[in-house]
Amino acid sequence: MIDDIEAHNDAATDAHEQALSAAGEVLAPRGVDVDAVIERIQSFEVAVPSWALQTGGTRFGRFPIEGEPRTVYEKLDDVAAIHRLTRATPRVSLHIPWDEPDDAGTLRAHADALGLGFDAVNSNTFQDQEGQEHSYKFGSFAHTDPAVRRQAVEHNLHVVELGEALGSEAITIWLADGSNYPGQMHLRKSFDRVLGGLRDVYDALPDGWRLFTEHKPYEPAFYATVVQDWGSSLMLANRLGPQAQCLVDLGHHLPNTNIELVVARLLTAGKLGGFHFNDSKYGDDDLTTGSIQPYQLFLVFNELVDAEEAGLDGFDPAYMIDQSHNVKDPIEAFLQTVDQLQTAYAKAVLVDRDALAEHQQANDALKAEETLKRAYRADVSALVAEARRRQGGALEPVAAFRRAGYREQVAEARADEGYTPPQSL
């Protein structure tokens, strides 16, 4: 249904060519190889989470829009539309059991037909599911009852098995385990129990797989979360082994945390596994990436690009978006996000690393800061658009999406309550 990109690009070509030429006139005198930067942008890819293709909500309510995907198959259809427009989202990350397929082979064939693959699979032990024997009200891996812990481990082993059938190569484990009151939970023993549960999952990982531990300081536990920060996550990853790494969610930090420093520390430890990109003003807001703190996003990418260009051993972060679209069309928000991520990445590529190193060595704080600011202030929008165009994507993804009428088309198609997913192979 996204089939008029070329026509849309034709209408925007003149303005784009002028902007691209102007960008070259500014950057070339700085010694920037514009084509090389565009090629770097083309290499950047990020996964789309299946759970964010529907509108989000809060405890006060949720406001759905027409045409939301009803099944995991329709979610993949929407990811394919995003990828068609951006050429940067070739993988989808599933959440189990929310996206449990009737048949993994059928789902994988559907993804293959759309030109998509699967990123890290995500387990869910923070909710009680229908028919579940034991409750996670007081924790999962950290629970005092070994039967609850075994249930949580078995679920994660199932998620790994399903992920392997889909072609995934990683599992992300975020635990809600924690306490709301002092004395409710033994702080040391609960951590040891989590380590034991993760060990059971880690030992069952297929060859080449990675296990990502994800930290979060609070919510739903508000007194003490078991895996509350990057230090706890790193302790777990180090104890588990080389296939265990840490995942950084930009919203999973206390206000004013220096996230780029967290990134640097995990890079130094060789344990930076991946990212969940979003933005926040107060907490885990899950807002559109770059909408609140674009400079912080740039500084995070500055650390990532520095590690990339240094050829840091083992550097292979898995990038994924993790947002809740409460008032925006989810697809349009994803299109915005991909553009913001590529923009931040491109600006980080523009940093004059030799000059920055010289100023840092000379302890020239002002010149070092200005070196970063010069790259951040650069207008790379035309370079990002050109990267999309060269790969067959849209110069203006949101405008092309609206012009194609995709939302209206799926709203009509998905209004049929008699929808039947693809049959098993």
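The values are calculated or read from the model by the stated rules, or taken from the named source; none is laboratory data. What you are looking at is a predicted structure, and each value in this text was computed from that prediction instead of being measured. With ideal geometry, Cβ positions are generated from the backbone for all residues, glycine too; neighbour counts draw on all protein chains shown.
Descriptive notes on the structure:
- Within the option set ALA19, ALA15, being surrounded by fewer than 21 Cβ atoms within 10 Å (Cβ to Cβ) and without any contact (Cβ under 8 Å) to a residue 12 or more places away in the chain holds for one residue only, ALA15.
- Close pairs (8 angstrom Cβ cut-off, 6 or more residues apart or separate chains): aromatic (Phe, Trp, Tyr) in region 255-276, assigned to a loop (DSSP other than H, G, I, E, B) anywhere: PHE275/LEU250; PHE275/PRO317
- Checked against (1) more than 24 Å from the chain's Cα centre (by Cα); (2) farther than 21 Å from ARG389 by Cα; (3) small (Gly, Ala, Ser), SER50 meets all criteria but (1).
- Region 121-168, residues that are more than 21 Å from ASP322 (Cα to Cα), in a helix (DSSP H, G or I), without any contact (Cβ under 8 Å) to a residue 60 or more places away in the chain and not small (Gly, Ala, Ser): PRO146, VAL148, ARG149, ARG150, GLN151, VAL153, GLU154, HIS155, LEU157, GLU161, GLU164
- Residues of region 239-250 satisfying the condition of being of a type outside the set (A, V, I, L, M, F, W, C), free of Cβ contacts under 8 Å to residues at least 40 places away in the same chain and touching a strand residue (DSSP E or B) at 6+ places or on another chain (Cβ under 8 Å): GLN245
- Of all residue pairs spaced 6 or more apart or on separate chains, those with beta-carbon atoms under 6 Å, a first member in region 52-71 that is in contact (Cβ under 8 Å) with a residue 60 or more places away in the chain and of a type in the set (Asp, Glu) and a second member that is in a loop (DSSP other than H, G, I, E, B) and surrounded by 10 or more Cβ atoms within 10 Å (Cβ to Cβ) are GLU68/GLN54.
- Condition met for VAL351 (touching a residue at least 60 places away in the same chain (Cβ under 8 Å), among the β-branched types (Val, Ile, Thr) and at negative phi): no
- Members of region 375-410 that are acidic (Asp, Glu) and either assigned to a loop (DSSP other than H, G, I, E, B) or crowded, with 22+ Cβ neighbours inside 10 Å (or both): ASP379, GLU386, GLU396
- For region 255-280, taking the residues that are modelled with pLDDT under 95 and assigned to a loop (DSSP other than H, G, I, E, B), the one that is surrounded by the most Cβ atoms within 10 Å (Cβ to Cβ) is identified as PRO255.
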